[in-house]
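Take a look at the structure below.
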Amino acid sequence: MRTMLAPPMSTPHDAGRRDLEQRYQRVCDLFPDQRVEIVNGRIVIREVPTLDHNRMIFRLLLQIMAFADQRGWTACNDIKLFLGTQVDRYRPDITVVPAEPRMWDAENVYADQTLLVVEVVSPSSRDDDNLLKPHSCSLAGVPLYLVIDPLEKTARLLSQPGRSGYVQQDAVMLGELLLLPDPWDLKLDTGKFLN
């Protein structure tokens, strides 16, 4: 006699996550020009970046663009990281990807396909950029996570992702050189991030 098993019932967590994803999509649709993220299970609408914030991003791009372009890489300023199902959704300030990264959909690149993820800290994103996002990015396999913190005047490069977070951290005061390791092997002049 053959017994048919009932499909697994969805848990309250699954239903809650579906509700969160639906609300997230509605907020994205309502605010298409805003940076909307799911961070630690909450929907966050980031403020419009200041001129100083944009200058830091621009000055970093000036240092990495020629190098990335020679290798066929793309620096994106508005693509989402796919960290896995049932996990947060981040839109970093800069995400560098290879020529043909594996995509979850048209807007989401698999986190482990990135070559560099960059966040420039603002007052409202301090804990998220320094604590929550690096941990999730490490679990998802982001190889290099760079945090530029103008509030503390530091740049911190996290590498060697693992299950409990990044194994390697290189931190410098803005004004010092910071080495991006393989596949970059490029020295960043963090002094150029200062106004």
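For this structure, a couple of remarks:
- Strands (runs of 3 or more DSSP E) contained in the range 105-195 and holding at least 1 residues exposed (fewer than 14 other Cβ atoms within 10 Å of the Cβ): 168-173, 177-180, 186-189
- The residue that is nearest to residue 62 (Cα to Cα), counting only those in the range 88-104 that are outside any loop (DSSP other than H, G, I, E, B) and at pLDDT below 90, is 90.
- Within the range 61-77, tally of residues that are closer than 18 Å to residue 193 by Cβ and part of a loop (DSSP other than H, G, I, E, B): 1
- Residue among 57, 94, 43 that is farther than 20 Å from residue 178 by Cβ, of a type in the set (A, V, I, L, M, F, W, C) and either in contact (Cβ under 8 Å) with a residue 12 or more places away in the chain or out of contact with any Leu (no Cβ under 9 Å at 6 or more places or on another chain) (or both): 43
- Extreme residue, nearest to residue 193 (Cα to Cα), among residues of the range 97-131 that are touching a residue at least 60 places away in the same chain (Cβ under 8 Å) and among the β-branched types (Val, Ile, Thr): 120
- Flag for residue 189 being charged (D, E, K, R) and within 16 Å of the chain's Cα centre (by Cα): no
- Lone unmet requirement of (1) modelled with pLDDT of 95 or more; (2) in contact with a helix residue (DSSP H, G or I) (Cβ under 7 Å, 6 or more places away or on another chain) for residue 163: (1)
- Within the range 106-127, tally of residues that are under 18 Å from residue 141 (Cα atoms) and either touching a helix residue (DSSP H, G or I) at 6+ places or on another chain (Cβ under 6 Å) or of a type outside the set (Ser, Thr, Tyr) (or both): 10
- Evaluation of residue 81 against the conditions (1) under 21 Å from residue 134 (Cα atoms); (2) open to solvent by 20 Å² or more (accessible area, probe 1.4 Å); (3) in contact (Cβ under 8 Å) with a residue 60 or more places away in the chain; (4) among the aliphatic types (A, V, I, L, M) shows that the sole unmet condition is (2).
- Some residue of the range 78-87 being among the aromatic types (Phe, Trp, Tyr) and in a helix (DSSP H, G or I): no
- Which listed residue, of 155, 171, is over 19 Å from residue 74 (Cα atoms), at pLDDT 95 or above, among the small types (Gly, Ala, Ser) and under 17 Å from the mean Cα position of the chain (by Cα): 155
- Checking each residue in the range 157-195 for being of a type in the set (A, V, I, L, M) and either touching a residue at least 60 places away in the same chain (Cβ under 8 Å) or within 22 Å of residue 52 (Cβ to Cβ) (or both) picks out 157, 171, 172, 173, 174, 177, 178, 180, 186, 188, 194.
The values are calculated or read from the model by the stated rules, or taken from the named source; none is laboratory data. No experiment lies behind these values; they were computed from the predicted model shown. Cβ sites come from the backbone with ideal geometry, for glycine too, and all protein chains shown count toward neighbours. Surface areas here come from the heavy atoms of the whole protein model, side chains and all, with no ligands, DNA or RNA. Shrake-Rupley method; radii C 1.70, N 1.55, O 1.52, S 1.80 Å.
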